[in-house]
Structures are given as C-alpha cells and as structure tokens.
Amino acid sequence: MIPYLYTGHNLDFKKVMEQFNLNYHKTTDIFGLKEFYLMALKDKCHTFIEVEINNEDNVEIYRKLKTIKL
C-alpha cells in the first residue's frame with residue numbers, strides 16, 4: 001500500500017453539512033456522482049458530494065497516473 005494515499009476515518013460528513021444547512025449526497029460510483037453533480041448545478045446551490053471509493057481501485061489508478069508523461 002502506498003502511504004498516505006488513503007486514510008480511513010469514521011467521520012459523518014452528513015451531520016457536519018446539516019450544521020451548515022448544506023445539501024449532502026453520498027455515492028459509491030460514477031453514476032451517482034454524475035446524478036448529484038447535475039442536480040446541484042440545476043438547483044444552483046452549495047452541495048457536498050461524498051464519493052466513497054474502493055481502496056484497491058484507488059491505488060491502481062494512482063499507479064497508472066504516475067506513469068503519464070506531460
């Protein structure tokens with residue numbers, strides 16, 4: 001595992017967003033992200049979208065991106 005790439009936590013962002021009267025959505029895939037993003041654009045309001053990802057996928061994508069030459 002790559003140090004500091006992923007740091008697990010037990011924070012509940014929904015409760016934090018409720019304290020600030022902000023919209024909150026949580027998803028685990030690109031389809032949910034797209035849906036909530038488009039909804040936020042349509043509603044023209046501040047929205048916090050939490051995307052929970054698979055750590056193994058995250059590490060693999062990180063390794064692939066490191067090989068890209070700009």
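The values are calculated or read from the model by the stated rules, or taken from the named source; none is laboratory data. This is a predicted model, so every value here is computed, not measured. Note that we place each Cβ from the backbone using ideal geometry, even for glycine, and neighbour counts take in every protein chain shown. Accessible surface is based on the protein model in full, side chains and every heavy atom, while ligands, DNA and RNA are left aside. Shrake-Rupley method; radii C 1.70, N 1.55, O 1.52, S 1.80 Å.
Could you check, for the range 55-70, whether at least one of its residues is at pLDDT 90 or above and not in a helix (DSSP H, G or I)? Outline the logic, then answer.
Start the filter on the range 55-70 by keeping residues that are at pLDDT 90 or above, which leaves none.
Looking for residues that are at pLDDT 90 or above and not in a helix (DSSP H, G or I), one finds none in the range 55-70, hence no.
Scanning the range 18-52 for residues that are open to solvent by less than 90 Å² (accessible area, probe 1.4 Å), part of a loop (DSSP other than H, G, I, E, B) and touching a residue at least 24 places away in the same chain (Cβ under 8 Å) gives a single hit, LEU22.
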